[in-house]
Amino acid sequence: MNDKFLEKEFEKNIPAVVKTALKLCAEAADEKLLPIFLIGGIVRDIIIDKKNFDVDITVQGNAVEFSGFLQRSHPGVFSVKEIHDSFKTAKVLFAINNETVALDLASTRKESYPHPSSLPVIEEIGCDLYDDVIRRDFTINSMALSLNKDSFYKLTDYLGGYEDLQNGILRVLHPESFIDDPTRIIRGLKFSVRFGYRFDDMTGTLMRECLNSGRFDNLAGERVKLELKQAFNVNRAECLTGFIQENIYRLVDTEISFPGNIDELAYRTKNTVDNYAKFLSNPDKTWLIYLGVLLTGLSQEKIKYIAEKMYLSGNETDILTDAKTICENRDKLEASQSSFEVYEFFEKTKTESILVFLIKNKSFKDKVDLYLKELKDIKTNMDGNILIKMGLKPGPVFGEVLREVLKARINGEITSPEQEAEFVRNFLF
Ligand code: ATP
């Protein structure tokens, strides 16, 4: 078969400053006689004309030594940001035309999995490109584009990734792939939803076999977290339906169950995230809303256990457990009469948890809207200094008075600073 050269795709999709940085890398690699490649997702994305800001480079050799060489040959332009010595990878920076270009430099490496789902063990650094490629997840992510001068733009595609990409097929590289690393299933779900691709038949069978095997004891929770985050942050209903219908949830916990209409729940989740986006402080936490929707049917203990298994932070765990708490206490919200009672019900709860509650309890939309859109940000003008000026001695009563002012303000009984002062005088004297 003829060699493929991706000159057009490279020139079109790689920004000019990145090209300059890659050229400097390639010249240094040529000097050191090292084969050097763009690899993985970036090659996939330039072929399908998609922007990708993660520039992964692999040298067939030792990338840490190579970055040392770049540092010596391009002082002032090149710097090393981070080194992972065990993987022999480096995050590096180029300062070009007043811009900073960040690149990930990796050494080719051969890996093996001592047990199903375990973390991989490095067998060789600086191995042949083929051994580096065969450890990857899907054929579409297994292509490399040469940067060396004598083979610039040449595509190395040992496993038919180019054709699979044209046909929209996700295909694992060998039958043990999911057993080695079941988080690849979540990655597959992400790519299938993001690009509209489908698993080839054998890959689908291998996925089901893996999920039915239940051999996830060694599965590293932080990897599950990382992949869930990427998959659910895409904010697509299909991600949640696929996650449930294909039994991928078993990688998180086998007790997760959904008696209701999954499609409806998934669309409600996606639409709620869209409709309330402006109330969310950080879109990077969207995945926690999806996870909350998945977990609120479980007990608090189980939710905490899962959060611990995935090494969630305290804040992330709180989002999940608080969502459960307000779902459990919904009768209290049902009984609330005044705006202040609605305010009190939600006030200590993060918006992500409130949205999980809303997704699971759509009949409370009016009260959730009242809180998020009208009450949440109400602040009074009254404070301790004003109370002192009004002749009050500082003490625990301050908190009580300020709370009463807030209550009256939220209930619409008072609306101006003058009315607040009047309210305090009536309340105290
Ligand atoms: P995205 O566009 O979502 O960032 P990506 O393909 O660029 O996707 P990364 O997570 O940045 O994904 O990983 C870079 C490359 O590393 C992938 O393209 C793939 O070749 C390889 N890779 C990542 N995770 C795995 C994994 N769990 N198993 C095997 N290979 C992986």
(request) Any chance you could check the Cα centroid distance between the range 292-309 and the range 227-273 for me, in angstrom? (result) 15 Å
(request) For the range 95-102, take each phi angle, set θ = phi - 60°, evaluate the Karplus expression 6.51 cos²θ - 1.76 cosθ + 1.60, and give the result in whole Hz per residue in order, putting x for glycine and proline. (result) 9, 10, 6, 6, 10, 9, 10, 9
(request) Provide the three semi-axes, in whole Å and in decreasing order, of the ellipsoid equivalent to the range 47-116 as defined by the square roots of 5 times the Cα gyration tensor eigenvalues. (result) 24, 18, 9
(message) Averaged across orientations, what area in nm² does the convex hull of the alpha carbons in the range 188-332 project?
(response) 9.4 nm²
(message) At 0.692 mPa s and 37 °C, plugging the Kirkwood radius over alpha-carbon pairs of the range 111-186 into Stokes-Einstein gives what diffusion coefficient in µm²/s?
(response) 242 µm²/s
(request) Compute the Rg/Rh shape ratio of the chain: radius of gyration over Kirkwood radius, all on alpha-carbon atoms. (result) 1.09
(request) Could you run the Debye sum over the Cα atoms of the range 384-428, one equal point scatterer each and no solvent, and tell me log10 of I(q)/I(0) at q = 0.19, 0.28 Å⁻¹, two decimals? (result) -0.52, -1.08
(request) Hey, can you grab everything whose amide H is under 5 Å from the amide H of ASN148? Only 5+ residues off in sequence or another chain; H modelled, so Pro and N-termini drop out. (result) ILE36
(request) Sorted from largest down, give the three principal axis spans of the alpha carbons of the range 7-167, whole angstrom values. (result) 45, 35, 26
(message) Residue by residue through the range 214-223, what is 3J(HN,Hα) from phi via Karplus (6.51 cos²θ - 1.76 cosθ + 1.60, θ = phi - 60°)? Round to whole Hz and write x for glycine and proline.
(response) x, 8, 10, 4, 8, 5, 6, x, 5, 6
(request) Please list, in chain and number order, the residues 5+ apart from PHE199 or on another chain whose amide H is under 5 Å from its amide H, with Hs placed from the backbone. (result) LEU170
(request) Excluding residues fewer than 8 places away in the same chain, name every one of the lysines whose C-alpha is closer than 20 Å to that of LYS389. (result) LYS379
(message) Quick check on packing: order 36-42, 382-388 by the mean number of other C-beta atoms within 10 Å, highest mean leading.
(response) 36-42, 382-388
(request) Beyond 24 Å between alpha-carbons counts as too far, so tell me which of LYS50/LYS278; LYS4/LYS50; LYS4/LYS229; LYS50/LYS229 fall in that bin. (result) LYS50/LYS278; LYS4/LYS229
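Please tell me which of these pairs span more than 26 angstrom C-alpha to C-alpha: LYS367/LYS393; LYS324/LYS365; LYS285/LYS376; LYS110/LYS304?
Numbers: LYS367/LYS393 37 Å; LYS324/LYS365 17 Å; LYS285/LYS376 20 Å; LYS110/LYS304 36 Å.
Going by Cα-Cα distance, LYS367/LYS393; LYS110/LYS304 fall outside the 26 Å limit.
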(request) Just report the Cα centroid separation between the range 26-46 and the range 340-418, whole Å. (result) 57 Å
(request) Kindly express, to the nearest 10 degrees and within the range 0 to 90, the angle between helix 201-213's C-alpha long axis and the longest C-alpha principal axis of the chain. (result) 50 degrees
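Given the -39500 (n - 2.57) contribution per DSSP H run of 4+ residues, what per-residue ellipticity at 222 nm results for the chain, rounded to the nearest 500 deg cm²/dmol? Intermediate values should be presented prior to the final figure.
On the way: 22 runs with 214 residues, N = 429.
Rounded to the nearest 500, it is -14500 deg cm²/dmol.
As a quick test, which of the pairs LYS348/LYS407; LYS190/LYS309; LYS32/LYS149; LYS88/LYS225 have an alpha carbon distance above 18 angstrom in this structure? Walk me through the intermediate numbers first.
Details: LYS348/LYS407 15 Å; LYS190/LYS309 22 Å; LYS32/LYS149 13 Å; LYS88/LYS225 24 Å.
Distance filter (> 18 Å) returns LYS190/LYS309; LYS88/LYS225.
Given +1 on the Cβ of Lys and Arg, -1 on the Cβ of Asp and Glu, and no further charges, what dipole in debye does the range 7-167 carry about its Cα centre, rounded to the nearest 20? Working shown, then result.
Details: 18 positive and 26 negative charges, 79 e Å.
Dipole of the range 7-167, to the nearest 20 debye: 380 debye.
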(request) Let me know the whole percent of all Cα-Cα pairs from the range 290-366 that are separated by more than 20 Å. (result) 28 percent
(request) Would you please give the residues with an amide H less than 5 Å from that of GLU111, counting only those at least 5 places away or on a separate chain, with H modeled from the backbone geometry? (result) GLU123
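Over the residues of the range 13-62, compute the C-alpha Rg and express it relative to 2.2 N^0.38 Å. Don't skip to the answer; put the middle values down first.
Details: Rg = 11.4 Å, N = 50, 2.2 N^0.38 = 9.7 Å.
After normalising by residue count via 2.2 N^0.38 Å, the value is 1.17.
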(message) On C-alpha positions alone, give me the angle between the axis of helix 286-295 and the longest principal axis of the chain, in degrees, nearest 10.
(response) 70 degrees
(request) Work from the charge dipole of the chain (Cβ charges, +1 for Lys and Arg, -1 for Asp and Glu, about the Cα centre) and give the residue of VAL273, THR100, ASN218 farthest towards its positive end. (result) VAL273
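Summing +1 for each Lys or Arg and -1 for each Asp or Glu, what net charge is found among the other residues whose Cβ lies under 11 Å from the Cβ of PHE10?
On the way: positive: LYS8, LYS12, LYS19, LYS154; negative: GLU7, GLU9, GLU11.
Local net charge: +1.
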(request) Post the alpha-carbon centroid distance, the range 147-170 to the range 92-134, in whole angstrom. (result) 18 Å
(message) What is the angle, in °, between the Cα long axis of helix 183-195 and the longest principal axis of the Cα atoms in the chain? Nearest 10 is fine, range 0 to 90.
(response) 80 degrees
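Laboratory data are not the source of any read-out in this text; all were calculated from the coordinates shown. Values in this document were obtained by computation on a predicted structure and should not be read as measured data. Every residue, glycine as well, gets a Cβ built from its backbone with ideal geometry; the counts of neighbours run over all protein chains shown.
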